[in-house]
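Report on the structure given below.
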Amino acid sequence: MAGRGSAARRANALVSRGLDYVVAVRGDTSAHPGEAVPTAPEREGRMGAPRLPRYREPACSLKDLVTNAGRRRLRRCTWRQGSKGAMTSRFIVLEVRPAGVAATKAA
């Protein structure tokens, strides 16, 4: 999905259909941890529009989220035999909430 439009929009469409998915992303893509929840601050007075929910902590890079999760969360996976032997790498499964305007509008 990387480099083909909004990965957040595509991921939200898959989730809304109840489908599991795997996606390759760039390490500098920003996101919030999966447990982060946007909250709306209390209204001050009775005038004005209600405040919109937002994340209280700034987003960080996916690379930082993976690094903070630790090496113990990585799992070696072999997905098929290639012409030069087994195709193997390390993977991590993390639930994240995409950051940015496109992600919030797609939800």
Provide the gained length on full extension for the span residue 93 to residue 51, in nm with one decimal, where the gain is 0.36 nm per separating residue minus the Cα-Cα distance. 11.8 nm
Cut-off is 10 Å between beta-carbons; in what order do 46, 51 appear when sorted fewest neighbours first? 46, 51
Running a GNM on the chain with Cα contacts under 10 Å, which residue among 88, 29, 67 ends up with the highest mean-square fluctuation? 88
Could you work out the pair-distance distribution P(r) of the chain from its alpha-carbon pairs, with 5 angstrom bin width and percents rounded to whole numbers? 2, 9, 16, 19, 17, 14, 9, 6, 4, 2, 1, 1, 1, 0
Helix 7-16 sits off the longest principal axis of the Cα atoms of the chain, rounded to the nearest 10 on a 0 to 90 degree scale, by 90
Can you sort 64, 20 from fewest to most other Cβ atoms within 10 Å of each residue's own Cβ? 20, 64
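The numbers here are math on the coordinates, done by the rules we state, and not lab data. Values in this document were obtained by computation on a predicted structure and should not be read as measured data. Please note: Cβ atoms are built from the backbone with ideal geometry, for glycine as well, and neighbour counts cover all protein chains shown.
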